[in-house]
1. Quick check on packing: order 168-177, 101-110 by the mean number of other C-beta atoms within 10 Å, highest mean leading.
2. Could the peptides 51-63, 213-225 be put in order, highest first, of the mean number of other beta-carbon atoms found within 10 Å of their residues?
3. Using a Cα-Cα cut-off of under 22 Å, which lysines could be cross-linked to Lys167, ignoring same-chain neighbours fewer than 8 residues away?
4. How large, in percent, is the carbon and sulfur part of the accessible surface of the chain at a probe radius of 1.4 Å?
5. Tell me, in nm to one decimal, what length is gained between Phe127 and Leu111 on full extension, where the rule is 0.36 nm per residue of separation less the Cα-Cα distance?
6. Rolling a 1.4 Å sphere over the protein heavy atoms, what is the accessible area per residue of the chain, to the nearest Å²?
7. Just grab the label-to-label distance for Arg62 and Leu267, each label 7 Å out from Cα along the Cβ direction, in nm (one decimal).
8. With the crude spin-label approximation of a point 7 Å out along Cα→Cβ, what separation in nm comes out for Thr207 versus Ser141?
Amino acid sequence: MSAMKPKHVALALLVAAVWGVNFVVMEIGLGEFPPLLFSALRFLAAAIPAVLFIGRPRVAWRWVIAVGLVLGVANFGLLFIGMKAGMTAGLSSLVVQSQALFTALFAALLLRERPGRRRLTGMAIAFTGIALVTVEYGASSPLTAFLLVIGAAACWGLSNVITRHAKPPDTFRFMVWVSVVPIVPMLGLSWLVEGPSAGLAALSSLTVSGVGATLYVAWAATLLGFGIWGYLLREYDATAVAPFTLLVPLFGMSSAALLLGEELTPLRCAAAVLVIAGVAITSLPPLSRRRRRQSSAPASAYAPMPIAQSLAGAVNSSTNGARQ
């Protein structure tokens, strides 16, 4: 497999930046809407009208529904509630990287895939980074918010394993249909948990920032991001593209510092290095295996969920033949 062309490297960097800045935009949106309502609006904007112009998802409907509930309802519900409860955008972009570790754990439990010594080492390094975040964040902020984001990462990891099993041939089409599933459940949960008055008040006082945040997370982070990502995975082997997602927390933490004034302490920077290094060790196959794949394997058409794209190796040491 040839090296990525400069224009495709630029596209991969663009997607990583869009997904990193997405955490800042989500925090802005959560200042305008209740978290469950904001999640419902995000999926509504992502699915409509796109779902009207694409064909069927090309996988069994049970997988679309399963990923929609686990990724759309559970993951984003917990993530948005956690961020609303006080978890900052920059730290959220870092902590959700632990979904790589949960993916490996669920793959071992559900798919009987035993992680080797290298992956166990990577998981230990990444968990050390998460522990550093826990110590610093828990000392001055509500620990519940942190645990909610960890729960979101666990749901994300489970959705990766489900998606791995479903093997959708078209990532963009699959994600549009997945976005349809959470709309009604999230609206119902918002009505029951947040109350109709809170939702109606937010909708009746829409602002430019609220509308912009909703459209960004729906169109830029979901549709544009997955559209470009699916294109790159059709052009190149997954192991050439996946490492770019390790830049997501870097973009997330730096944009949060620049745009929201979040502090980048030495401990947070050290935690970021450990988490990203651990995820890289856990997710990417050894260099010798990557070279063999690049010389013999066809380009992949399958990629995992946002950020989880870096899990080409975490779910299975040979996902290249089935690759989002």
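1. By packing density, highest mean first, the sequence is 168-177, 101-110.
2. Numbers: 51-63: 12.7, 213-225: 20.5.
Highest mean packing first, the order is 213-225, 51-63.
3. none
4. Details: 8990 of 12880 Å².
Carbon-and-sulfur percentage of accessible area, whole number: 70.
5. Numbers: separation 16, 0.36 × 16 = 5.76 nm, distance 2.22 nm.
Contour length minus Cα-Cα distance gives 3.5 nm.
6. On the way: 12880 Å² over 324 residues.
Ligands and nucleic acids excluded, the figure is 40 Å² per residue.
7. Distance between label points: 4.7 nm.
8. Here the answer is 2.1 nm between the modelled labels.
The values are calculated or read from the model by the stated rules, or taken from the named source; none is laboratory data. As the structure is a prediction and not an experimental result, all values here were calculated from the model. Ideal geometry is used to build each Cβ from the backbone, glycine not excepted, and the neighbour counts take in all protein chains shown. Heads up: the accessible areas ignore ligands, DNA and RNA and are worked out on the full protein's heavy atoms, side chains in. Shrake-Rupley method; radii C 1.70, N 1.55, O 1.52, S 1.80 Å.
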